[in-house]
1. State all residues of region 22-64 that are assigned to a strand (DSSP E or B) and at pLDDT 95 or above; if no residue qualifies, say none.
2. Taking the stated definitions as given, is residue 32 of a type outside the set (Asp, Glu), touching a residue at least 40 places away in the same chain (Cβ under 8 Å) and closer than 17 Å to residue 265 by Cα?
3. For residue 4, state whether it is in contact (Cβ under 8 Å) with a residue 40 or more places away in the chain and in a strand (DSSP E or B).
4. Looking at region 154-168, which of its residues are without any contact (Cβ under 8 Å) to a residue 60 or more places away in the chain and surrounded by fewer than 12 Cβ atoms within 10 Å (Cβ to Cβ)?
5. Checking the conditions here, which among 290, 230, 261, 276 is at pLDDT below 95 and either under 11 Å from residue 134 (Cβ atoms) or not assigned by TED's automatic domain parsing to the domain that holds residue 31 (or both)?
6. Please give the strands (runs of 3 or more DSSP E) falling wholly within region 200-297 in which 2 or more residues are touching a strand residue (DSSP E or B) at 6+ places or on another chain (Cβ under 7 Å) and among the hydrophobic types (A, V, I, L, M, F, W, C).
7. Considering only region 70-122, state which residues are farther than 20 Å from residue 293 by Cβ and touching a Pro at 6+ places or on another chain (Cβ under 6 Å).
8. Across region 43-77, what is the number of residues that are exposed (fewer than 15 other Cβ atoms within 10 Å of the Cβ) and β-branched (Val, Ile, Thr)?
Amino acid sequence: MENLIPFKAIELSDKDTITSFTLQSSYMNCDFSFANMCSWRFLYKSEYAVVDGFLLIRFWLEDKRPVYMCPVGKGDITASVNLLEQDSLSFKHPLWLLGVTPSGKEELEQAFPDGFKYMPERNFFDYIYLREDLANLTGKKYQPKRNHINKFIKQYRYKYMPITPELVPECLELERKWYKANHTEEDAEELSFERRSMTYALEHAEELGLIGGAICAEHQIVAFSFGAPINKDTFGVHVEKADINYDGAYSLINREFSSHIPEQYTYVNREEDLGILGLRQAKLSYHPTILLEKFTAIKKI
């Protein structure tokens, strides 16, 4: 029963197979970025299978409980969801689908009227912006961001540089400084997980299809950011780090990186706030075009 679906661990070599589904999908949530799936697989034991034209994704909470993403494919999802439910029940757990967006919820409700209980997960809502807004920062609402950037520019000469393999060690050194300055006992484990994911992503940037950029000032990297496509018109920003001793560095890397994201991407997904108040305020201050709701959908038995 446990081999009902031919799941296999997600590996770098699976990029073309997985993105052949995700890049054509309407799903904009950051969970469907291949770069995210692959660089966080150490924590979630992420797996995938392709069955009857649908991409199925399974991962594990605390190594014990299987959870799933909405099936990705064209056509009726009923058979795929039924298959996931059988897989979950084989582990003696009801089916949980995580990261279900409003469009995914609508699709599930059509296939299974009153079949799921939906629980909104505010801490995991995605912040989605127009790329042009982040790149141009026009209008009164972005005046504070422009002020921060102007302050930086008055103090420092800088240049924006694409992240190449040669720059990776410097980016990781900045991350080490950031970690030392920001971690607390309460979040040390979470930040160490983030560090592991980030290090893997930077060291495999080309294979993951990452695009990254950095700000160099005073002969050192003071900020960097990187991300990858989620679908054909949405780009995911997965990491952004800056030296807080350089006032305005965060605002500058945000603007510069957004300016260098290919123009085919209308939207930029800057991921969740994880319930961290300061992060929530920072993400809201950029005025998201979409605050993408995400639900946990629990199949009724």
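The values are calculated or read from the model by the stated rules, or taken from the named source; none is laboratory data. Bear in mind the structure is a predicted one, so any value in this text is a computation, not a measurement. Because the Cβ atoms are built from the backbone with ideal geometry, glycine has one as well, and the counts that use them run over all protein chains shown.
1. Pass one, region 22-64, residues assigned to a strand (DSSP E or B): 47-51, 54-61.
Correct list: 47, 48, 49, 50, 51, 54, 55, 56, 57, 58, 59, 60.
2. yes
3. no
4. 154, 159, 164, 165, 166, listed by residue number.
5. Values: 290 fails: at pLDDT below 95; 230 fails: at pLDDT below 95; 261 fails: at pLDDT below 95.
The match here is 276.
6. Numbers: elements: 211-217, 220-231, 234-242, 267-269, 290-292.
By residue number, 211-217, 220-231, 234-242, 290-292.
7. Those that are farther than 20 Å from residue 293 by Cβ and touching a Pro at 6+ places or on another chain (Cβ under 6 Å): 80, 88, 91.
8. Summing the residues that are exposed (fewer than 15 other Cβ atoms within 10 Å of the Cβ) and β-branched (Val, Ile, Thr) in region 43-77 gives 0.
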